[in-house]
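The values are calculated or read from the model by the stated rules, or taken from the named source; none is laboratory data. A quick note: this is a predicted structure, and the numbers were derived from the prediction, not measured. Here the Cβ positions follow ideal geometry from the backbone for every residue, glycine too, while neighbour counts run over all protein chains shown.
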Amino acid sequence: MKKNSILDYLKNNLESFEEMPFNNVDSLILCQFFYGKMENQINDFIDKKCMIKDLYRAEYFDKMFYDDISDEENKETLILMAANPRFRNIKIKNLVSEYSEKREMQFAAVTYELDENTDYVCFRGTDGTMMGWKEDFNMAFMPETPSQANAVRYLKIFCDNNEGKNFYVGGHSKGGNLAVYGASLCGNKIQQKIIKIFSHDGPGFRDEFFLEEGFVNIKDRICKMVPQTSAVGMLLENQEEYRIVKSSAISIIHQHSAFTWIVKDNDFEYLKERSSGGVYIDNTMHQWLMSATLEEREIFVDTLFKIFTDNGIDSIKDANSIGVKDIALIIGSLDELDEETKKVFFSMIKSLIVIAVRGRTESIQKRVELDKNSLDKVLKDINSGIFNKKK
């Protein structure tokens, strides 16, 4: 039986937002659509308020879809949205895109005008640049990343005096983290206008963030969703309540993709609990991070990405093209690290391996005990049936 995806939803749901209210699937579609680099074309429009349908031009495709991350699916998303009366007339405004290697930042935000009374502020997730991924890792030790600060600034600039409109805030992956962070720290006046905050498999935060008064104020309006074997969405601490979406993919990486989330009855298909693999990965990463100081986390992340850049790996596309010779060069470059950095780096790797192996062993032991208990029960039931059988 075919499982419906967000692409199927776009093909089959043509009602306006008045006929069918804005929902969780609409939010994910708008977030996924923003992975297309529309900022490369938006300047073609003098008033900078083009509609989604205006971007459906073949001459734009090469400049919008080039990250080597779901490019074909993102292109199909644009085509279907431009054809769909539910989405095609949505106006695009207040688009901001910034990238800085010096600040270790990859940030983009946009506002979709759903109707005259409602906007949707969307923060882009991590793109195909290695610097974008490094900023994600920096969340493990930095009290505030540049993109998180920009998310707060964006809401204050564009949503403080937005003609009395109410709005949604959302994002996928890192974008979900930015949505929650920005909504938490943008101030009470702006918070009062927020309808709901969507975090589609967005990472969590460090413990102290959940003590912020701003987070407490909007906590009940956060709608967080993760796939059953989520790795990204369960990183760091999670005190937001979340729902588990069924994914058609098996691998952890592919489950993070919005195109694998199963749509059912104009919403997602939800599960009652995460997979055992997802829980294992979550526990492993949590224990690993908690076993290291903030300084050790910083040294590890800086060293890991220095190794990438020193070997010419500046994007996911570069990483995907690594061959055996490249791996040999990368391993060889570790010798160039100073002794203290090398000590911390390998200590962190060793710690991760030990925690992962220990967790797997405990998981196997529990499964064996469970299987043994189940077998004992079956044998007991059989014996009971045999000896208590009426003659």
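Things worth noting here:
- Matching residues in the stretch 280-310 - criterion: being β-branched (Val, Ile, Thr) and either surrounded by fewer than 17 Cβ atoms within 10 Å (Cβ to Cβ) or at positive phi (or both): THR293, THR309
- Just so you know, in the stretch 197-207 the residues that are without any contact (Cβ under 8 Å) to a residue 40 or more places away in the chain and outside any loop (DSSP other than H, G, I, E, B) include one that is surrounded by the most Cβ atoms within 10 Å (Cβ to Cβ), and it is ILE197.
- Of all residue pairs spaced 6 or more apart or on separate chains, those with beta-carbon atoms under 6 Å, a first member in the stretch 154-179 that is closer than 29 Å to TRP133 by Cβ and a second member that is of a type in the set (Val, Ile, Thr) and part of a helix (DSSP H, G or I) are LEU155/ILE190; CYS159/ILE190.
- Residue match in the stretch 32-55 (condition: of a type in the set (A, V, I, L, M, F, W, C), over 18 Å from PHE87 (Cβ atoms) and assigned by TED's automatic domain parsing to the domain that holds SER97): yes
Yes/no per residue for (1) outside any loop (DSSP other than H, G, I, E, B); (2) at pLDDT 75 or above; (3) within 19 Å of MET131 (Cβ to Cβ):
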site	(1), (2), (3)
GLU298	yes, yes, yes
GLY312	no, yes, yes
ILE331	yes, yes, no
THR341	yes, yes, no
THR361	yes, no, no
LYS366	yes, no, no
ASP376	yes, no, no
GLY385	yes, no, no
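- Matching residues in the stretch 253-270 - criterion: being out of contact with any strand residue (DSSP E or B) (no Cβ under 8 Å at 6 or more places or on another chain), within 16 Å of HIS172 (Cα to Cα) and surrounded by fewer than 18 Cβ atoms within 10 Å (Cβ to Cβ): ILE253
- Of residues in the stretch 214-247 being part of a loop (DSSP other than H, G, I, E, B) and within 19 Å of ILE194 (Cα to Cα), the one modelled with the highest pLDDT: GLU241
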